[in-house]
Amino acid sequence: MVIYKETYDSLVEIFNISTKENKPVIFPTDTIYGIGANIVSKKANLEIYKLKNRPSNKPFPILAGSIEQLEEIADISSLTQKNYNFLKENYNKCNTFILPVKDNLDEMYKQNSTVAIRIPDKKILSDMLAKNNMFITATSVNGSGKPFINSLCLIIKEFKTVDLFVYGSIRSKSSNIYDISKNDIIQIR
């Protein structure tokens, strides 16, 4: 088991290990503790589905480091002006957005021609993603349909088969989710 304190370098290192070894990582997002992996590591992401007992037709949200990086997998040019402005005004406020997806994203990460993406409101994490051009999945640490867990001790006990951990600060509140892929802005959570 590898446990790092959250620093820029430790995030880079642990996600590089995760990608190389195809293993999920439990880490502090800008909201709650998440479990995720680089999107290039399909095997690690499939493992997360098993750990959470999550239906495979429910894709994980993806974290990107910036609007520019987000545009690599989401088609924000097709958004209405109102929805584009909403995204630009609210992307860094612990919000996840459902956006039209580009064709280059693997089917595993999209649903109904959309993708769920958040740009973390945590500089250390968003910088790591942007500077390393890395997209990672991030879903709550819990069994599917159960409340999220934010105690690292309980997380380690509940997810004992996960080998890679980062501990750090969190807000203990899930992100809001907005579907802005069509004409209206729909708040899902």
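General observations
- Considering region 131-189, and only residues there that are part of a loop (DSSP other than H, G, I, E, B) and hydroxyl-bearing (Ser, Thr, Tyr), the residue that is nearest to Val25 (Cα to Cα) turns out to be Thr161.
- Of Leu11, Leu51, all but one fail to be surrounded by 15 or more Cβ atoms within 10 Å (Cβ to Cβ) and in contact with a Ser or Thr (Cβ under 8 Å, 6 or more places away or on another chain); the exception is Leu51.
- Here region 100-128 is the region considered, the condition is being buried (at least 23 other Cβ atoms within 10 Å of the Cβ) and of a type outside the set (A, V, I, L, M, F, W, C), and the residue that is nearest to the chain's Cα centre (by Cα) is Arg118.
- Unique match (being touching a strand residue (DSSP E or B) at 6+ places or on another chain (Cβ under 8 Å), modelled with pLDDT of 95 or more, under 22 Å from Thr161 (Cα atoms) and part of a strand (DSSP E or B)) among Ile98, Ile35, Ile48: Ile35
- Residue tally, condition in a loop (DSSP other than H, G, I, E, B) and aliphatic (A, V, I, L, M), over region 108-124: 1
- Condition met for Tyr4 (in a helix (DSSP H, G or I), modelled with pLDDT of 95 or more and surrounded by fewer than 21 Cβ atoms within 10 Å (Cβ to Cβ)): no
The values are calculated or read from the model by the stated rules, or taken from the named source; none is laboratory data. Remember, it's a predicted structure, so these values are computed and weren't measured experimentally. Every residue, glycine among them, receives a Cβ derived from its backbone with ideal geometry; neighbour counts consider all protein chains shown.
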